[in-house]
Amino acid sequence: MTPEELRAIMTYLRERVHLGPKEAEASVTITFHAPLEEEMIGAGLNAEGVKRILRVPWWEEMVEDIVETPDMCDPDDSPEQILEYARDVVSEYIRKRFSLESE
């Protein structure tokens, strides 16, 4: 898998992070719609990379950190800013923990 293919996977996963329904006044929730392997491959992403990324041992931790992002933000942060922070969680996990080399 090339760096460009990894970036494409990262972009795809970032796009799966959304603002959730507003549960209470002034609260922001984040949702992550975990993709299926078939969806990602069907979107034209590198099949080997997709299989590897969906099987990493830190996947659940990453998803948990994504949805808990609002808890780490300042009360004055806008929903759009919180959404961007949550999407950045995806990028940071992948950049720091995923190797392009064969496992």
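Taken together, the values in this text are just the output of simple stated rules run on the coordinates, not laboratory data. Quick caveat, the model's predicted, so the values are computed rather than measured. Methodologically, a virtual Cβ is constructed for each residue, glycine included, from the backbone with ideal geometry; neighbour enumeration extends over all protein chains shown.
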_Angle check, please: helix 3-14 long axis (alpha carbons) against the longest principal axis of the chain (alpha carbons), in degrees 0 to 90, nearest 10._
30
*Residues with amide H under 5 Å from that of ILE30, placed H, sequence gap 5 or more*: GLY20
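What is the chain's relative contact order, in percent, from Cα pairs under 8 angstrom and six or more apart in sequence? All intermediate terms of the calculation are to be shown ahead of the outcome.
On the way: 97 pairs, mean separation 35.5, N = 103.
Over the chain, the number comes to 35 percent.
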*Along region 33-41, what does the Karplus equation 6.51 cos²θ - 1.76 cosθ + 1.60 (θ = phi - 60°) give for ³J(HN,Hα), rounded to whole Hz, x for Gly and Pro?*
8, 4, x, 8, 3, 4, 5, 5, 5
*Along the positive direction of the dipole of the chain (beta-carbon charges: Lys, Arg +1; Asp, Glu -1; about the Cα centre), which of SER99, ILE66, LEU19 reaches farthest?*
SER99
